[in-house]
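Following: one structure in structure tokens, then a few remarks.
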Amino acid sequence: MSGLWILFRRELGQTWGRGGGPVLALTFFACVATLLPLAVGASPARLGSVAPGAAWLALALASLLSLERLFERDFEDGTLDLLALGPAPLEAVALAKGLAQWLANGAPLALLAPVVAVALGAGLSLVPMIFISALIGGLGLSFTGGIGAALSLGSRRGGVLIAVIVLPLFAPPVIFGAGVIDAYASGLDWRPALGFLSAYSLAALALGPLAMAAACRNALS
Amino acid sequence: MFQALANPQRFMAFSRWAAPLLAVIAAGLLSWGLWLSFSAPEDYQQGATVRLMFIHVPAAYMAMFCYACLGAASLMGLVFRHVLADAAARACAPLGAGFTALALITGMLWGRPMWGTWWVWDARVTSVLVLFLFYIGYMALQAAIDDETRATRASGILALVGLINLPIVKFSVDWWNTLHQPASVFRKGGPSLPPEFLWPLGVMALAYMALFGALWLVRIRAEVWRKRAQSLALQAAG
């Protein structure tokens, strides 16, 4: 257990510290949000109607960014071999990596998501709901994305490949995440959407590490 | 090693006559089904365009059936490490993508006269599009890893992840659709088909199924031959 804790701390440190950490993903998020008014026009009515959805879309894209390094770095320098030989099962290693990814990348993105949505014209009353949905959804995005990252180990053109594999899998969290905000904004019952979003994230948390570990074993074999 | 080789040999002996037989059955059913489709009466609302249904609906059905086959073959390949299951999974994906593309394209052709637009972000259309993207992702992953066995294992895991995800996608898209856009184009749970439409549809569905079976067997055979040619080339190289 203490070994896993050290691993978790190491992952957190690496994701947070090296190469700009979450700053890069946050900047990307802000860039996509900046391009949106340029693309669809600056009229507040139009922007406001798409703001929560656009924030969620940009969130899904931004959470792809750091996935490439999630397993690749350890795979290249042989750390993953050592982790596979170690006492902790690879599933637990994948769980630690996914949680670190969520805390170091998903949580900062969830903090920025309400800012982006409000800047695009979403109402201030939506702020807590956007933050909560982005935080819960980020867990699902991290673990679903981690599957793509582990599967593309040892392949040519990792980054684009991860996006192609993972983005179709992001359909349910994007639907439920934007659905929470949509329902809340229009005064409907938002709890079903939040429930479905949490269910998706928890399912990804439970099943994702199994797929990630299988993919790592396959890449190491 | 011999065990693994023995089974492909038995398979090759079986598929040698099964593939042409299925192809003949597919051709027969296809011509019967097409004849039935064109002799079916025109729909009182849709006119002659209703005949597109006999091409479109079986393709959509096969799109899902192929994914189930892909998932089953991947599971067998991952669990039993069977060469033939790996070959079957590899051979299945392009066929499934083809049927899905056929379903999407004929759907667009049908949508133009019926709904007045090529494309609608309807729940069913969207989930079939996501299914198509799953096939593309599977094939992209397969193509991106050089070691063939490893590529098949990796994409097999992806196929299983997709198998779990497809019902979730289907459910979430249905949910999204009812949230954003109350049923306007599709009459959900519409009237069941009269027998003069049900017959051509059933025959065409069977024809597609036989066609898929024949093509799948031929593609698996090609995979086995390719493997053999590869190992012969390796042997010759010493």
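The values are calculated or read from the model by the stated rules, or taken from the named source; none is laboratory data. As the structure is a computational prediction, the values presented were derived from the model and not from experiment. No Cβ is skipped: glycine too gets one built from the backbone with ideal geometry, and neighbour counts run over all protein chains shown. Calculation scope for accessible area: heavy atoms of the full protein, side chains included, ligands and nucleic acids excluded. Shrake-Rupley method; radii C 1.70, N 1.55, O 1.52, S 1.80 Å.
Report the residue count in region A:186-198 for those that are open to solvent by 10 Å² or more (accessible area, probe 1.4 Å) and either in contact with a strand residue (DSSP E or B) (Cβ under 6 Å, 6 or more places away or on another chain) or in a helix (DSSP H, G or I) (or both).
6
Does A:Ser125 count as open to solvent by 50 Å² or more (accessible area, probe 1.4 Å), within 14 Å of chain B (Cβ to nearest Cβ) and over 23 Å from A:Arg69 (Cα atoms)?
no
Hey, among B:Gly96, B:Gly111, B:Gly162, which residue is buried (at least 24 other Cβ atoms within 10 Å of the Cβ), touching a Phe, Trp or Tyr at 6+ places or on another chain (Cβ under 7 Å), more than 10 Å from chain A (Cβ to nearest Cβ) and at negative phi?
One residue alone meets the criteria, B:Gly96.
What number of residues within region A:138-165 are farther than 18 Å from A:Pro22 by Cα and not aliphatic (A, V, I, L, M)?
8
Can you pull out every residue in region A:144-163 that is within 7 Å of chain B (Cβ to nearest Cβ) and either under 15 Å from the mean Cα position of the chain (by Cα) or among the basic types (Lys, Arg) (or both)?
A:Ile147, A:Arg156, A:Arg157
Can you tell me which residues in region A:172-185 are within 22 Å of B:Val125 (Cα to Cα) and either open to solvent by less than 20 Å² (accessible area, probe 1.4 Å) or more than 8 Å from every other protein chain (Cβ to nearest Cβ) (or both)?
Residues satisfying the conditions are A:Pro172, A:Pro173, A:Val174, A:Phe176, A:Gly177, A:Ala178, A:Gly179.
What are the pairs, 6+ residues apart or on separate chains, where a residue within region B:59-70 that is under 14 Å from B:Ala91 (Cβ atoms) has its Cβ under 6 Å from a residue that is among the aliphatic types (A, V, I, L, M) and open to solvent by 10 Å² or more (accessible area, probe 1.4 Å)?
B:Cys66/B:Leu95
I'm trying to understand the selection: among the residues of region B:36-57, which are closer than 13 Å to B:Tyr208 by Cβ and not aliphatic (A, V, I, L, M)?
Within region B:36-57, B:Ser37, B:Phe54, B:His56 qualify.
Please state which one of B:Ala40, B:Ala23, B:Ala68 is open to solvent by less than 40 Å² (accessible area, probe 1.4 Å) and of a type outside the set (Asp, Glu). Walk me through it before giving the result.
Details: B:Ala23 fails: open to solvent by less than 40 Å² (accessible area, probe 1.4 Å); B:Ala68 fails: open to solvent by less than 40 Å² (accessible area, probe 1.4 Å).
After applying the criteria, what remains is B:Ala40.
Given (1) small (Gly, Ala, Ser); (2) modelled with pLDDT of 90 or more; (3) under 26 Å from B:Leu36 (Cα atoms), where does B:Gly202 come up short, assuming only one miss?
The single condition B:Gly202 does not satisfy is (2).
A quick yes/no check of all residues on (1) within 23 Å of the chain's Cα centre (by Cα); (2) closer than 30 Å to B:Gly111 by Cβ:
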| site | (1), (2) |
| --- | --- |
| B:Ser15 | yes, no |
| B:Leu30 | yes, yes |
| B:Asp43 | no, yes |
| B:Arg51 | yes, yes |
| B:Leu70 | yes, yes |
| B:Ser74 | yes, no |
| B:Arg81 | no, no |
| B:Ala89 | yes, no |
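Condition check ((1) over 22 Å from A:Trp190 (Cβ atoms); (2) open to solvent by less than 20 Å² (accessible area, probe 1.4 Å)) across all residues:
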site: A:Glu72; (1), (2): yes, no
site: A:Phe75; (1), (2): yes, no
site: A:Leu95; (1), (2): yes, no
site: A:Val118; (1), (2): no, no
site: A:Met129; (1), (2): no, yes
site: A:Leu141; (1), (2): no, yes
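Is at least one residue of region B:16-35 aromatic (Phe, Trp, Tyr), more than 13 Å from B:Val203 (Cα to Cα) and assigned to a helix (DSSP H, G or I)?
yes
Can you name every residue in region B:133-155 that is facing chain A (nearest Cβ under 9 Å) and touching a residue at least 60 places away in the same chain (Cβ under 8 Å)?
Listed by number, the residues that qualify are B:Phe134, B:Tyr138, B:Thr149, B:Arg153, B:Ser155.
Only one of these is farther than 25 Å from A:Asn218 by Cβ and assigned to a helix (DSSP H, G or I): B:Leu129, B:Leu163. Name it.
Details: B:Leu163 fails: farther than 25 Å from A:Asn218 by Cβ.
Answer to the check: B:Leu129.
Can you tell me which condition B:Leu129 does not meet? The list is (1) open to solvent by less than 80 Å² (accessible area, probe 1.4 Å); (2) under 30 Å from B:Gly111 (Cα atoms); (3) in contact with a helix residue (DSSP H, G or I) (Cβ under 6 Å, 6 or more places away or on another chain); (4) modelled with pLDDT of 90 or more, and all the others hold.
Unmet condition: (3).
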